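To keep things clear, I will list the structure first and then write my remarks on it.
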Amino acid sequence: MWILLAMIGATLVLDGLLLRYLTWAHAAERYAAGRFPDARPSRATRGRTLRLHGATMGLSLTLIVGAAVALQGRLFVDGPVAWWWPPLHALAILAVYDLAYYALHRFVFHHKKLMRYVHRTHHEKRSPSAPDSLFVHPVETILGVATLLGATALLGPVHEITFGLVFLAYSPMNLVNHMGMTFPRGHPLALFNGLATAHHGHHRLDVNKNFATLTTLYDRAFGTNL
Ligand SMILES: [Zn+2]
């Protein structure tokens with residue numbers, strides 16, 4: 001259990017550093033050429049923004065750490081494991097999660113009768129930057145983490161290192177695909193330019209396209225890519 005908790009902690013530190021860097025880079029003159037154009041600004045007050053950010057961070061942390069502790073020995077196991085198995089298993093779980101999230105986002109969050117209750121909150125951000133990845137309704141946060149744990153359970157039980165790797169890929173990716181900019185070629189984060197462009201298109205150009213979050217694979221497969 002301690003290895004998993006340490007990996008979750010390290011990922012949260014990485015998230016914090018990445019959030020700071022992306023917030024700085026989005027405003028920095030040297031990266032201005034890659035910044036996506038502004039759309040209609042959000043009407044959210046500072047107080048509401050802080051409340052939603054706090055709820056997203058608190059809920060995510062509680063759910064992930066709570067699951068890591070409560071499901072130890074059932075969903076998460078420890079002990080000796082071949083070095084190649086956790087990364088391979090983690091990739092399979094992330095592929096299942098990406099498909100499950102695609103379906104959740106397309107058919108539940110964007111369902112015309114349900115959209116206004118939950119996911120509309122996140123779409124108030126027409127031209128998001130990294131901090132806006134936290135601007136989500138609490139129900140959306142709960143369903144997102146439940147989808148991640150569900151995908152893990154489908155292929156579980158998993159070694160604690162496996163889930164540590166899953167969380168390491170999943171969590172910063174939510175910041176990166178909302179970064180609201182592309183980086184110049186050669187910058188390490190330029191690797192994610194395509195994902196950031198795709199997700200920005202979902203917010204700004206067509207909310208009925210580009211539903212997936214980790215890859216563009218399922219949008220291409222189901223014809224919903226911009
Ligand atoms: Zn959406």
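Please treat every number below as a calculation from the coordinates, not as lab data. The model shown is predicted, which means the values in this text are computed figures rather than measured ones. Cβ atoms come from the backbone with ideal geometry, glycine included; neighbour counts cover every protein chain shown.
So what is the relative contact order for the stretch 120-212, in percent, with contacts set as C-alpha pairs under 8 Å and at least six apart?
Worked out over the stretch 120-212, it gives 32 percent.
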On the Cα set of the chain, report Rg and Dmax in Å, please. 17.4, 53
Among the stretch 172-206, those whose backbone N falls under 11 Å of a label point 7 Å along Cα→Cβ from ALA33 are 184-185
For the stretch 2-221, averaging the sequence separation of alpha carbon pairs under 8 Å that lie six or more residues apart and dividing by its residue count, the contact order in percent is 32
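Report the charge-dipole magnitude of the chain in Debye, nearest 20, computed about the Cα centre from +1 at each Lys and Arg Cβ and -1 at each Asp and Glu Cβ.
That gives the chain a dipole magnitude of about 940 debye.
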Take ARG185 and LEU226, extend 7 Å from each Cα along the Cα→Cβ direction, and tell me the distance between the two endpoints in nm. 2.3
Residues other than PRO86 with Cβ under 15 Å of its Cβ, Lys/Arg counted +1 and Asp/Glu -1, net out at -2
Among the helices of the chain (complete DSSP H runs), which have Cα atoms covering no less than 18 Å along the helix axis and a Kyte-Doolittle mean of at least 0.0? 2-27, 46-70, 85-103, 138-154, 160-176
Taking neighbour Cβ counts within 10 Å as the exposure measure, how do LYS112, LYS209, LYS125 sort from fewest upward? LYS112, LYS209, LYS125
Using Cα centres only, tell me the gap between the stretch 58-137 and the stretch 168-188 in whole Å. 17
Taking only Cα atoms of the stretch 62-185, radius of gyration then Dmax in Å: 16.0, 49
Quick query: amide H of HIS159 versus all other amide H atoms, modeled in the peptide plane; which residues come in under 5 Å with a sequence gap of 5 or more or a different chain? VAL77
Please arrange MET7, MET115 by how many other C-beta atoms lie within 10 Å of their C-beta, fewest to most. MET115, MET7
Cβ-based net charge around THR182, under 15 Å, with every Lys or Arg adding one and every Asp or Glu removing one: +4
So the FRET efficiency between GLN72 and TRP24, C-beta based with R0 = 41 Å and rounded to 0.05, is 0.65
When a footprinting reagent is the concern and you count Cβ atoms within 10 Å, what order do VAL176, VAL69 take, fewest first? VAL69, VAL176
